[in-house]
1. Would you point out which residue out of V270, V254 is more than 14 Å from I187 (Cα to Cα) and at pLDDT 85 or above?
2. Of the residues in the range 228-246, how many are more than 17 Å from L199 (Cβ to Cβ), of a type in the set (A, V, I, L, M, F, W, C) and surrounded by 14 or more Cβ atoms within 10 Å (Cβ to Cβ)?
3. Anything in the range 247-267 that is in contact with a Ser or Thr (Cβ under 6 Å, 6 or more places away or on another chain) and surrounded by 13 or more Cβ atoms within 10 Å (Cβ to Cβ)? List them, or say none.
4. Just to be sure I understand the filter: pairs with C-beta atoms under 9 Å, separated by 6 or more residues or on different chains, first member in the range 232-244 and in a strand (DSSP E or B), second member acidic (D, E) and at pLDDT 90 or above. Which pairs pass?
5. Considering only residues that are in a loop (DSSP other than H, G, I, E, B) and out of contact with any Pro (no Cβ under 8 Å at 6 or more places or on another chain), look in the range 267-287 and name the one that is farthest from V216 (Cα to Cα).
6. Pick from the range 200-228 the residues that are more than 18 Å from K263 (Cα to Cα) and part of a strand (DSSP E or B): which of them is modelled with the highest pLDDT?
7. Starting from residues that are of a type in the set (D, E, K, R) and assigned to a strand (DSSP E or B), keep the ones in the range 93-116 and report whichever is nearest to I132 (Cα to Cα).
Amino acid sequence: MISKSKFTVFLILFLLFFIGSIFSEEAMDWIGSYSSLEMESGEIEDVDDSKMYYQWQIDSLKRAVSPRYIRLLDIYKYAESGNILNKGILFSYTGLKNKKVELCGNFLNWKCEPMRKNQYGVFYRLVPPTSIDENFNRLTKYQYKFKVDGLYEYDIENQELEADASGSYFSIYYLDKTDKDKFITTIILEDSELEEQNLRTVKFQIYLPENDSVSVTGNFNNWNLEADYMTKLPNGIFEMEKKLLPGTYYYQFVADGEVLADKFNPNVKVREPYDELVSELIVPTRTDAIERK
C-alpha cells in the first residue's frame with residue numbers, strides 16, 4: 001500500500017537532510033558523487049545525471065556552481081505537493097552578504113523569481129525543463145541573469161556569455177545539447193494497434209545504456225521482479241509496452257539487480273512498509289474510441 005503520510009516521508013527526509021551533521025565536515029561538501037571543492041575548481045563540467053541528490057547536499061553547498069541538470073529529493077516540494085522528486089536545472093549564486101537574489105531569464109518570460117538562500121549564503125533555484133521556444137519545441141538555450149539586491153549581474157561561474165542590448169551580458173546554459181534520450185520516461189500511448197476499448201497501452205521506458213538487463217515491477221504484476229523484462233534498443237533505451245486498465249499504479253525498474261525509481265517521472269511516493277521510493281502512474285479512462293487503421 002502507498003501512503004502519503006507526512007510523518008513517514010518527513011522522517012525519511014529528516015534523516016537524509018541531517019546525515020551530513022553525523023559525519024565529518026568533508027561529508028558536508030558532497031553533492032552526488034562529487035565534492036563541492038571539485039565542482040568549484042572547474043575540473044568537472046557537469047554532474048552525472050544518473051545520480052539522485054538530497055536536500056541536505058544543496059543546503060550544504062558552500063559555493064555557487066555552474067548551472068546543471070539534477071534530480072533532487074526535495075522536502076520543500078513534498079510539503080507543497082506531496083511528491084518527493086524534483087528535477088530541473090540548478091542555478092546558484094554566492095551571496096553571503098546579500099539580502100535578496102532573484103533569477104531572471106527567457107524561460108521565465110524575463111520575470112524575476114526569488115532564489116532560496118542556504119546556510120552558507122548560497123542562493124539557489126531549481127527550474128523545471130518544461131519551457132518551450134517560439135516554435136513550440138523544448139527550449140534548449142537558457143538566457144539568464146541574477147538580480148542581486150536590485151542590480152543585474154551575469155553568472156561568474158558560467159563561462160557561456162552573450163552580449164545584450166545594454167552593453168552587458170546574458171549568461172547562457174544549453175540544456176542537454178547532445179543526448180535528449182536521457183529525459184525519456186513512461187508514457188501512455190494515444191494510438192496503438194495493441195489497444196482495446198477498456199484498456200490503455202502504457203509504454204515503460206528508461207535510458208540505461210550501461211545496463212544489460214532491465215525489468216519493470218509494480219502493483220500491476222504483484223511486484224514480481226522477473227515478470228516483465230524490457231527490450232534494449234541501440235540508443236541505450238529500454239522499453240516495454242503493457243496493457244493496463246484505468247487506475248493508479250506504482251512501479252520501479254530493476255536494472256541488473258538494482259531497484260530504481262523512474263528517473264524522470266516527478267510523481268514519486270513511498271511504498272510501505274518497505275520505505276522504498278516508487279514512481280506513480282495514473283492511467284486515465286479512454287475518452288474517445290480508437291479508429292483502427
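1. None of the others qualify; the one that does is V254.
2. Of the residues in the range 228-246, the ones more than 17 Å from L199 (Cβ to Cβ) are 229-239.
The next check asks that each one be of a type in the set (A, V, I, L, M, F, W, C); those that pass are 230, 233, 237-238.
Right, trim to surrounded by 14 or more Cβ atoms within 10 Å (Cβ to Cβ) and you get 230, 237-238.
Total satisfying the criteria: 3.
3. Here is the first cut: in the range 247-267, the residues in contact with a Ser or Thr (Cβ under 6 Å, 6 or more places away or on another chain) are 251-252, 254, 256, 261-262, 264-265.
Correct list: Y251, Q252, V254, A261, D262, F264, N265.
4. What qualifies is K232/D212; K232/E239; M240/D228; K242/D228.
5. As a first pass, look at the range 267-287 and keep what is in a loop (DSSP other than H, G, I, E, B): 267, 272-275, 284-287.
Narrowing the set further to residues that are out of contact with any Pro (no Cβ under 8 Å at 6 or more places or on another chain) leaves 267, 272-275, 287.
Working: N267: 17, E272: 19, P273: 20, Y274: 18, D275: 19, T287: 27 Å.
The qualifying residue farthest from V216 (Cα to Cα) is T287.
6. Result: D228.
7. Of the residues in the range 93-116, the ones of a type in the set (D, E, K, R) are 97, 99-100, 102, 111, 113, 116.
From what is left, the residues that are assigned to a strand (DSSP E or B) are 102, 113, 116.
On the way: E102: 21, E113: 18, R116: 25 Å.
Restricting to residues being of a type in the set (D, E, K, R) and assigned to a strand (DSSP E or B), the top hit is E113.
The rows are residues; the columns are (1) closer than 15 Å to Y173 by Cα; (2) surrounded by 12 or more Cβ atoms within 10 Å (Cβ to Cβ); (3) under 17 Å from the mean Cα position of the chain (by Cα); (4) in contact (Cβ under 8 Å) with a residue 60 or more places away in the chain.
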position: I89; (1), (2), (3), (4): yes, yes, yes, yes
position: L96; (1), (2), (3), (4): no, no, no, no
position: E102; (1), (2), (3), (4): no, yes, no, no
position: N106; (1), (2), (3), (4): yes, yes, no, no
position: K117; (1), (2), (3), (4): no, yes, no, no
position: G121; (1), (2), (3), (4): no, yes, no, no
position: V127; (1), (2), (3), (4): yes, yes, yes, no
position: T130; (1), (2), (3), (4): yes, no, yes, no
position: N135; (1), (2), (3), (4): no, no, no, no
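The values are calculated or read from the model by the stated rules, or taken from the named source; none is laboratory data. Everything quoted here is computed from the prediction, not taken from an experiment. With ideal geometry, Cβ positions are generated from the backbone for all residues, glycine too; neighbour counts draw on all protein chains shown.
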